[in-house]
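Asks: Structure below; questions to follow.
The values are calculated or read from the model by the stated rules, or taken from the named source; none is laboratory data. It should be emphasised that the depicted structure is a prediction, and the values quoted were computed from it without experimental measurement. When we count neighbours, we look across all protein chains shown, and the Cβ atoms used for this are built from the backbone with ideal geometry, even at glycine. Ligands, DNA and RNA are excluded from the accessible area calculation, which covers all protein heavy atoms including side chains. Shrake-Rupley method; radii C 1.70, N 1.55, O 1.52, S 1.80 Å.
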Amino acid sequence: MKNNSQSEPKKKKKGSLAGRIIRRFFLLLFTTIFLLLIALVLAANMIFTGPSEAARDLLTMTLLEPSATKWIPALFIGEDTVAQIKNGVNAGFTDSVSDTSQVVIQKNTAVSTGVDEWADYPDGIRIEEYAGKTFNAHIMIVRDPSRVYMGLSTYEGFSRNIPGKRLNQAIEDEGASAAINAGAFFDNGTSSPEVGSTPEGLVMSKGNTAWTTGSPPNASGFAGFNTDDILVVSQDNLSESKAKELNIRDGCCFGPALIINGEINMGAYNSASGWNPRTAIGQRADGAVIFVCADGRQPGSMGATYADIIDIMQEYGAVNACNMDGGSSSVMMYRDTEGRYGDPGQVQMINSYSLLQSEPRRMPNFWMVRPQE
């Protein structure tokens, strides 16, 4: 009995020691996190209030795009200064809306002199990689613009009670050959199922008005195909009446407009737009559609600026182009009919997610590519 009673205090000491170790570990962890947060706040304050306006604007635009951080810049520099920085992106074009005569659709002819660029792409979709200084991008060219349309997460009417779809689900439901994300959507920065349920601004799909309410936050512009399959780009958000006047069949509001009638948006090009994942749509003079998806927020690819996307669009011959929703929304998928990336017929993810994502975000609308007839 004596030996048993003496062994009990030893167990208590061991338990007490383990408890102290655990408490000290968490105290050290929380202290480290607290100090890191203080360091980040001080560093941000130094940039926001420091002498370099270029650094301030770059950090502001970088933080404005993610829904989780868009509230931060105003804490340091105020809403008025944030608005001034955002407005610097919207420079006036000579023409506020693209001229459809700039595009002459040539579905069945080779573009490059003496070379058929589509000879090795029987499905009419060509994908290329592009390496920039701070990003990796993926360029998809669709030969026939009549195949490109606006797919919706629901065709029964958008509602906060109906969750949006992830692109990997939407492309299968539509039976599409390829797809990218499109316009802005309701996003309050939470994990609520309402996020991604309803669009922001005008959305046209298959000749019908799908949504008219609100306008994309931090963006002004419109991109949509008319009934002649020509991409119409506007530097301003379009109203439903204006879209019908322009015979828009499929389109959505977002921006900024990057290129209109071959003229680049110098405000966007010269702005400190920040490094972020980005998506854009454009069209060549022969009608071929250009999708661009730039990776960001990951090792080896911090992200692209508006200038980077404009450079890519110009290099690939876009006469009109418009920025789409970016950040964690940027996604590009392709149904690999030729087995270039794996088993034929399988849908492949072309771009890379942010490290914080495990699957595409839920969204209400997408640019889709119909199967080739």
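Asks: Leaving out ligands, DNA and RNA, what percent of the accessible area of the chain is carbon and sulfur, probe 1.4 Å?
Replies: Carbon and sulfur together cover 53 percent of it.
Asks: Which of the trypsin sites (Lys or Arg not before Pro) across region 147-219 are loop residues per DSSP, with 15 or fewer other Cβ within 10 Å? Provide the component values of the computation, followed by the final result.
Replies: On the way: sites: Arg147, Arg160, Lys165, Arg166, Lys206; in loops: Arg160, Lys206.
Taking region 147-219 and a limit of 15 other Cβ atoms within 10 Å, the loop trypsin sites (Lys or Arg not before Pro) found are Arg160, Lys206.
Asks: Karplus couplings for region 366-373 from phi (6.51 cos²θ - 1.76 cosθ + 1.60, θ = phi - 60°), rounded to Hz, Gly and Pro as x?
Replies: For region 366-373, the Karplus-derived couplings read 8, 7, 10, 10, 5, x, 6, 6 Hz, x marking Gly and Pro.
Asks: Let me check something: with ligands and nucleic acids excluded, how do Trp211, Trp275, Trp118 order by accessible area (1.4 Å probe), largest to smallest?
Replies: Trp275, Trp211, Trp118
Asks: Between Phe254 and residues 5 or more places away or on another chain, which pairs have amide H atoms under 5 Å apart, with H built 1.01 Å from N, and which residues are they?
Replies: Excluding prolines and chain starts, which carry no amide H, the hits are Gly221, Phe222, Ala223.
Asks: Please compute the per residue accessible area over the chain with all protein chains in place, 1.4 Å probe, rounded to a whole number of Å².
Replies: Here the residues of the chain average 48 Å² of exposed surface.
Asks: How much length is gained if the chain between Tyr341 and Lys242 is pulled fully straight, taking 0.36 nm per residue apart and subtracting their Cα-Cα distance, in nm to one decimal?
Replies: Full extension from Tyr341 to Lys242 adds 31.5 nm.
Asks: R0 = 30 Å: FRET efficiency of Met349 with Ile22, Cβ-based, nearest 0.05?
Replies: So the FRET efficiency works out to roughly 0.15.
Asks: Would you mind working out the magnitude of the charge dipole of the chain relative to its Cα centre, with +1 at each Lys and Arg C-beta and -1 at each Asp and Glu C-beta, to the nearest 20 Debye? Working shown, then result.
Replies: Working: 32 positive and 40 negative charges, 623 e Å.
It comes to approximately 3000 debye.
Asks: While we're on this one: Restricting to Cα pairs below 8 Å that are 6+ residues apart, what does the relative contact order work out to for the chain? Please round to a whole percent.
Replies: Reported as a whole number, the value is 22 percent.
Asks: Between Ser101 and Glu129, how high is the FRET efficiency from 1/(1 + (r/R0)^6) when r is the Cβ-Cβ distance and R₀ = 30 Å? Nearest 0.05.
Replies: My answer for the efficiency is 0.35.
Asks: Take Glu245, Glu359 and sort them by solvent-accessible surface of the protein heavy atoms, 1.4 Å probe, largest at the top.
Replies: Solvent-accessible surface, decreasing: Glu245, Glu359.
Asks: Would you please put 137-145, 20-28 in order of how densely packed they are, using the mean number of other Cβ atoms within 10 angstrom per residue and starting with the highest? All intermediate terms of the calculation are to be shown ahead of the outcome.
Replies: Values: 137-145: 21.8, 20-28: 10.0.
Ranking, from highest mean packing down: 137-145, 20-28.
Asks: Let me ask you something else. Express in Å², to the nearest 10, the accessible area of Ser241 obtained by rolling a 1.4 Å probe over the protein heavy atoms while all chains stay in place.
Replies: 80 Å²
Asks: Which of the GluC sites (Glu not before Pro) across region 120-214 are loop residues per DSSP, with 11 or fewer other Cβ within 10 Å?
Replies: Glu156
Asks: Where in region 138-193 are there chymotrypsin sites (Phe, Trp or Tyr not before Pro) that are in a DSSP coil and have at most 13 other Cβ atoms within 10 angstrom of their Cβ?
Replies: Sites meeting the loop and neighbour criteria: Tyr155.
Asks: Could I ask something else about it? Does the chain classify as rounded, prolate or oblate by the C-alpha gyration tensor (a ≥ b ≥ c root eigenvalues; a/c under 1.5 gives rounded; else a/b over b/c gives prolate, otherwise oblate)?
Replies: Here the chain falls in the prolate category.
Asks: Also, I was wondering about something else. Which value in deg cm²/dmol, rounded to the nearest 500, describes the helix-derived mean residue ellipticity at 222 nm for the chain, given -39,500 (n - 2.57) per DSSP H run of n ≥ 4 and division by the residue count?
Replies: Rounded to the nearest 500, the figure is -9000 deg cm²/dmol.
Asks: Can you list residues whose amide H is under 5 Å from Ala304's amide H, if they're 5+ apart or on another chain and H is modeled 1.01 Å from N?
Replies: Here Asn276, Arg278 satisfy the definition.
Asks: Here is a follow-up. Can you give me the long-range amide H partners of Val232? Hydrogens built in the peptide plane at 1.01 Å from N, cutoff under 5 Å, separation of 5 or more residues or another chain.
Replies: Gly224, Phe225, Asn226
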